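The values are calculated or read from the model by the stated rules, or taken from the named source; none is laboratory data. Worth saying up front: this structure is predicted, and the values here are computed from it rather than measured. Here the Cβ positions follow ideal geometry from the backbone for every residue, glycine too, while neighbour counts run over all protein chains shown. These area figures cover heavy atoms from the full protein model, side chains too; ligands, DNA and RNA do not enter into them. Shrake-Rupley method; radii C 1.70, N 1.55, O 1.52, S 1.80 Å.
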Amino acid sequence: MDTEKSAIFIIFGGSGDLAHRKLYPSLFRLYKTGLLKDHFAVIGTARRPWSDDYFRGTVITSLEESFDDDKKIMEEFAKHFFYQSHDVNDSEHYIALKNLAAKLDDQFEAGHNRVYYMAIAPRFFGTVAEHLNSEGLKTKDGYNRLVIEKPFGRDLDSACELNGNISKAFPEDDIYRIDHYLGKEMIQDIPNIRANNPKFEAALNNKYVSNIQVTLAESLGVEDRGGYYETAGVLRDMVQNHIMQIIGSIASDDPEAKDAGVIHKNKCDLFASLKNLTPEEVDKNFVRGQYDTDELGDEKAYRQEDKVAEDSQIETFTAGKVEFNSKRWSGVPFYVRSGKRMPNKASRIDIVFNEKVSELGIKPNTVLTLLIERTNDHSILINGIDYKESGQDFIKFPEEPEFTKACEAYESLIIDILSGNRVHFTLWDELRSTWKYIDSIRERWDSQKADFPNYISGTMGPDSAEMLLERDGNSWIWD
Ligand code: NAD
């Protein structure tokens, strides 16, 4: 059994969707493993005037949607939950929160440890962090860790401003910026896979790789998130964070590094070597799309979705060619693609080797695919079939995957937060480089009107996404 952890969680946005759909179920799983047991409490805060009992009821309801455990254990777990009505701008409320946290710390013997979790609208992140500091919520004897959800800014300027605000209140080492893709098992396994397969690692460079493709595709549209999506678009929502972090896991140096500082430095170095784009290069290297209705006219076009402008210029699809100015990767295109209303859901990395790779005993032009979502035991494919059946032995999992473990991304990230392990969180320096890169694309797009909608729901996006690769003599592996 894992060692029990002690902490008081203060969840800003404790009545919201993220808290109920992801955080409380993850905390419950940790409770069932014993990692959280007697020495923890959760304070949910939000504006509504809920009682503790009402709050506990909502927590149990959310658990019942995901678990079929005996209700008794859910009720025992919910006894650790408390509610404090709170307006983020009201200083008095922070004092009340501080007193409640201190009282619960005594009651549960939580070691003066605090996890402040921002499950709240991004515009409040800075305000809350500043108040936590100025109203003296931070404890002296335990740790004080600030967890920030995405999006971290909407461009480099706003990200800088936000970072300035939170770093006045918390040192960088206590800030945990969530990118939930970094909590996914496959992404966390990639450094191990690289470190344990010397031939594969030896092939991961511009001598042997023709191109690398990262696809995050969804079959759904924006559903009820049209209002949010109108302020984001897929470039900000998926590329700046998740896709860049996936590239970081496969392409940064020294996968054997165990030290968080070294791992982050390698990732920062990689992102600092991003080949920034001129406006003309944006036109050439990035394409955008917006979904129309499907072939039968049954599905809503993006512009017909709730809270979406009739003439919206927001992209629901993008594909692009990302390049690095590094010794290891210079000349290798990283083709990235993400979109809504594609034929299927897919999260995958396809590594396409060239002919020279036969020097390493790998068959020429081999395609290695890492499937990020493990829905079955086929997580690594070689030329489209499970690697164990491929007849090529240059890659193996360090150990057989335990699919029963099925650790949810949020559960794994919460364990890291409680353990003070920042490896799977993003550093400010990484964000600065990726925002700078994304801004150059966004600015170009904002200066030119797109001819939207330009792809039919249920298809692979606009034709320009195919042409992007054809021009280089390549093609998408997942098509
Ligand atoms: P939500 O609208 O469901 O919840 C927002 C919460 O903030 C509610 O509890 C609300 O009562 C509270 N709140 C609003 N104004 C307040 C105020 N002035 N003072 C105090 N509390 C206030 O939103 P959500 O979907 O849970 O998202 C929360 C955060 O998590 C956002 O930053 C979002 O971008 C991020 N996020 C959410 C998801 C998800 O799956 N929902 C995924 C990734 C990131």
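Observations, loosely collected:
- Checking each residue in the stretch 20-76 for being under 25 Å from the mean Cα position of the chain (by Cα), within 16 Å of the ligand (Cβ to nearest atom) and not hydroxyl-bearing (Ser, Thr, Tyr) picks out His20, Arg21, Lys22, Leu23, Pro25, Leu27, Val42, Ile43, Gly44, Ala46, Val59, Glu65.
- Counted residues, the stretch 346-385 - those being at pLDDT 95 or above, open to solvent by 60 Å² or more (accessible area, probe 1.4 Å) and assigned to a loop (DSSP other than H, G, I, E, B): 4
- Taken over the stretch 1-13, the criterion of being more than 6 Å from the ligand (Cβ to nearest atom) and of a type in the set (Gly, Ala, Ser) is satisfied by Ser6, Ala7.
- With a requirement of 1 or more residues that are over 26 Å from Asp141 (Cα atoms) and touching a Ser or Thr at 6+ places or on another chain (Cβ under 8 Å), the helices (runs of 4 or more DSSP H) lying completely within the stretch 51-123 that satisfy it span 52-66.
- For the stretch 144-162, the tally of residues that are within 15 Å of Phe124 (Cβ to Cβ), of a type outside the set (Gly, Ala, Ser) and away from the ligand (no atom under 12 Å from the Cβ) stands at 2.
A quick yes/no check of all residues on (1) open to solvent by less than 20 Å² (accessible area, probe 1.4 Å); (2) within 18 Å of Met244 (Cα to Cα); (3) touching a Ser or Thr at 6+ places or on another chain (Cβ under 8 Å):
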position: Asp141; (1), (2), (3): no, no, no
position: Arg154; (1), (2), (3): no, yes, yes
position: Asp189; (1), (2), (3): no, yes, no
position: Ala202; (1), (2), (3): no, no, no
position: Ser210; (1), (2), (3): no, no, no
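- Filtering Ala102, Ala7, Ala110, Ala46 for residues that are surrounded by fewer than 21 Cβ atoms within 10 Å (Cβ to Cβ) and small (Gly, Ala, Ser) leaves a single hit, Ala102.
- Here Tyr116 passes the criteria (1) open to solvent by less than 80 Å² (accessible area, probe 1.4 Å); (2) more than 15 Å from the ligand (Cβ to nearest atom); (3) modelled with pLDDT of 95 or more except the one numbered (2).
- With respect to the conditions (1) over 15 Å from Phe9 (Cα atoms); (2) within 16 Å of the ligand (Cβ to nearest atom), Asn133 falls short on a single one, namely (2).
- If you filter the stretch 119-130 down to residues that are open to solvent by 30 Å² or more (accessible area, probe 1.4 Å) and within 13 Å of the ligand (Cβ to nearest atom), you find that the one that is nearest to His20 (Cα to Cα) is Ile120.
- Residue match in the stretch 243-261 (condition: open to solvent by 40 Å² or more (accessible area, probe 1.4 Å) and part of a helix (DSSP H, G or I)): yes
- Members of the stretch 10-24 found to be buried (at least 19 other Cβ atoms within 10 Å of the Cβ), farther than 19 Å from Asp87 by Cα and either in contact with a strand residue (DSSP E or B) (Cβ under 6 Å, 6 or more places away or on another chain) or not hydroxyl-bearing (Ser, Thr, Tyr) (or both), listed by number: His20, Lys22, Leu23
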